[in-house]
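The values are calculated or read from the model by the stated rules, or taken from the named source; none is laboratory data. Note that the structure is a prediction, hence the values are computed from the model and not measured. FYI the Cβ positions are ideal-geometry reconstructions off the backbone, even for glycines, and counts take in every protein chain you see.
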Amino acid sequence: MNTTIRPFRIEIAQAQILDLQRRLAATRWPQPVDPGFGHGQSLALVRELAAYWADGFDWRAQEARLNRHPQFMTEIDGQAIHFMHIKSKEPNAFPLILTHGWPSSPAEYLDLIGPLTDPRSHGLDASVAFDLVIPSVPGMGLSSPLAATGWDAARTAAAWDTLMKRLGYTRYGAQGGDVGALVARELGILAPEGLAGVHVQQVFAFPQGSPGEMEGLSAFEVEGFKSLEYFRKYAGYVDIQSKRPGTLAYGLVDSPAALLSWNAELFFGFEGERVAEVDRDRFLTHVSLYWFTGTGGQAAEFYLANAASGAGYRELPNPTPTAVAVFPNDFRSVRSFVARSHTRVLQWSEMPRGGHFANETDPQLVIEDLRRFFVGLQAQDAPFGRNDR
């Protein structure tokens with residue numbers, strides 16, 4: 001196995017950008033029976049996004065912003081793995097691996113990097129600083145091409161432990177939301193030596209029909225079942241990606257409009273409720289990474305692999321210290337359901353605002369919650385030494 005870690009920069013050829021613009025200009029638009037959000041993403045929204053992607057979005061500016069952070073490539077379990085590695089100037093910085101969701105990318109964490117790695121420059125207590133490792137999930141964006149089937153949340157979690165130890169870290173934490181929450185949960189189940197704790201934005205635990213299980217739920221948790229029903233009603237992308245991602249892939253890698261609309265489902269909301277809050281440049285940065293790497297279809301394989309194994313959802317014993325941040329405009333984790341498998345939930349935060357992509361819409365809440373959790377862990381353990389690579 002090749003364990004080499006090599007520096008990497010994102011350098012998309014101008015010919016690829018021109019090809020994208022040509023394809024967008026030649027889009028063959030559908031004639032929807034419902035032009036709004038009733039049957040899918042709104043035609044008006046997708047046309048607006050496509051026009052901006054072709055003529056207003058500055059990929060080179062976003063590429064330069066990403067390249068300001070050190071990036072690397074390595075191989076783990078036969079798979080090419082891309083990751084950012086940003087080390088703090090603070091001597092006792094705590095190593096933390098952050099896992100993005102779908103259909104996003106490491107760019108999801110851009111607003112967290114500065115405050116977490118350089119707290120002094122952001123008016124924060126310098127005693128709480130982090131070294132950050134931010135990988136691309138296998139098959140998504142720059143961790144491509146997908147070398148094999150079976151890259152579920154559990155296999156990804158094992159790869160992340162290998163990555164952190166390859167970087168020289170003997171003790172570290174993990175954080176994630178959406179797909180990243182599945183990976184972090186599996187890391188907690190794996191409980192490898194050196195894993196100090198995990199912080200997640202969702203624990204996907206559901207009612208089992210047991211007598212009395214709905215008794216004692218808080219008003220916040222009961223209200224959350226509305227979002228669960230909403231998700232079950234509209235989230236067809238989960239079923240499709242969990243069953244036939246290969247057929248879907250033909251459209252996602254050939255048509256930028258298809259990729260754009262498919263990836264907009266979760267970001268903009270099934271009824272368009274988040275249209276006003278989504279940062280177009282950040283969203284198109286994610287979409288561009290999938291487009292330029294041709295991984296719109298491969299990304300869906302993660303869902304198929306999890307459906308086959310149950311990874312990310314299975315209720316196996318999880319002994320790892322855990323923090324759960326629950327955002328109101330999202331799937332709301334239920335503490336009593338989480339407790340069925342998580343034996344050490346040390347921090348439970350019901351947030352005043354925010355939703356599924358809180359790392360982008362409400363980064364300050366995530367930053368404060370992360371710092372509070374890992375300060376607590378440091379108080380219980382010896383200081384976390386950083387690596388010297």
*In the stretch 74-109, which residues are within 20 Å of the chain's Cα centre (by Cα), surrounded by fewer than 24 Cβ atoms within 10 Å (Cβ to Cβ) and assigned to a loop (DSSP other than H, G, I, E, B)?*
TRP102
*Have a look at TYR290, TYR313 and point out the one that is among the aromatic types (Phe, Trp, Tyr) and farther than 16 Å from LEU248 by Cα.*
TYR313
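Considering only residues that are among the acidic types (Asp, Glu) and in a helix (DSSP H, G or I), look in the stretch 237-275 and name the one that is modelled with the highest pLDDT. Step through it out loud before you land on a result.
Filtering the stretch 237-275 down to residues among the acidic types (Asp, Glu) leaves 239, 254, 265, 271, 273.
Among the residues that remain, those that are also in a helix (DSSP H, G or I) are: 239, 254, 265.
Numbers: ASP239: 94, ASP254: 98, GLU265: 93.
Here the answer is ASP254.
Say we look at the stretch 179-193 and pick out the residues that are in contact (Cβ under 8 Å) with a residue 60 or more places away in the chain and surrounded by fewer than 24 Cβ atoms within 10 Å (Cβ to Cβ); which of these is nearest to SER341 (Cα to Cα)?
Taking the stretch 179-193 and keeping what is in contact (Cβ under 8 Å) with a residue 60 or more places away in the chain, we get 179-189, 191.
Cutting the leftovers down to surrounded by fewer than 24 Cβ atoms within 10 Å (Cβ to Cβ) gives us 179, 189, 191.
On the way: VAL179: 19, ILE189: 9, ALA191: 13 Å.
My answer is ILE189.
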*Starting from residues that are surrounded by 16 or more Cβ atoms within 10 Å (Cβ to Cβ) and of a type in the set (Phe, Trp, Tyr), keep the ones in the stretch 32-69 and report whichever is modelled with the lowest pLDDT.*
PHE37
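So which residues in the stretch 334-360 are among the polar types (S, T, N, Q) and either over 21 Å from PHE130 (Cβ atoms) or in a strand (DSSP E or B) (or both)? Explain how you work it out, then say what you get.
Filtering the stretch 334-360 for residues among the polar types (S, T, N, Q) gives 336, 341, 343, 347, 349, 359.
The answer is SER336, SER341, THR343, GLN347, SER349.
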*asked:* Of everything in the stretch 82-120, what is out of contact with any Asp or Glu (no Cβ under 8 Å at 6 or more places or on another chain), over 19 Å from VAL375 (Cα atoms) and either of a type in the set (Ser, Thr, Tyr) or without any contact (Cβ under 8 Å) to a residue 60 or more places away in the chain (or both)? Give them in sequence order.
replied: MET84, THR99, SER105, PRO106, TYR109
*From the list ALA148, ALA126, ALA157, pick out the single residue that is within 20 Å of THR3 (Cα to Cα) and either surrounded by fewer than 19 Cβ atoms within 10 Å (Cβ to Cβ) or in contact with a Cys (Cβ under 8 Å, 6 or more places away or on another chain) (or both).*
ALA148
*Any idea how many residues of the stretch 276-296 are modelled with pLDDT under 95 and either β-branched (Val, Ile, Thr) or more than 20 Å from LEU43 (Cβ to Cβ) (or both)?*
1
*Show the residue pairs that are 6+ apart or on different chains and have beta-carbon atoms under 9 Å apart, the first residue being within the stretch 50-65 and part of a helix (DSSP H, G or I), the second being exposed (fewer than 11 other Cβ atoms within 10 Å of the Cβ) and of a type in the set (Asp, Glu).*
GLU63/GLU11
*Are there any helices (runs of 4 or more DSSP H) wholly within the stretch 126-236 with 1 or more residues that are modelled with pLDDT of 95 or more, and if so which?*
153-166, 179-190
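Got at least one residue in the stretch 231-239 being closer than 24 Å to TRP348 by Cα and either surrounded by 14 or more Cβ atoms within 10 Å (Cβ to Cβ) or of a type in the set (Ser, Thr, Tyr) (or both)?
Initially, the stretch 231-239 is screened for residues closer than 24 Å to TRP348 by Cα, giving 231.
Then drop every residue that is not either surrounded by 14 or more Cβ atoms within 10 Å (Cβ to Cβ) or of a type in the set (Ser, Thr, Tyr) (or both), which leaves 231.
Checking the stretch 231-239: at least one residue is closer than 24 Å to TRP348 by Cα and either surrounded by 14 or more Cβ atoms within 10 Å (Cβ to Cβ) or of a type in the set (Ser, Thr, Tyr) (or both).
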*State which residue is farthest from THR149 (Cα to Cα) when the search covers only the stretch 114-138 and only residues that are within 15 Å of the chain's Cα centre (by Cα) and among the β-branched types (Val, Ile, Thr).*
VAL133
*Right, ALA196: out of contact with any Cys (no Cβ under 9 Å at 6 or more places or on another chain), closer than 29 Å to THR322 by Cβ and either surrounded by fewer than 16 Cβ atoms within 10 Å (Cβ to Cβ) or of a type in the set (A, V, I, L, M, F, W, C) (or both) or not?*
yes
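Within the stretch 177-194, which residues are of a type in the set (Gly, Ala, Ser) and more than 17 Å from TRP151 (Cα to Cα)? Even if it seems obvious, please write down each step before you answer.
Filtering the stretch 177-194 for residues of a type in the set (Gly, Ala, Ser) gives 177, 180-181, 184, 188, 191, 194.
Matches in the stretch 177-194: GLY177, GLY188, ALA191, GLY194.
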*So which of ALA308, ALA276, ALA323 ends up being surrounded by fewer than 16 Cβ atoms within 10 Å (Cβ to Cβ), among the small types (Gly, Ala, Ser) and over 24 Å from GLY246 (Cα atoms)?*
ALA276
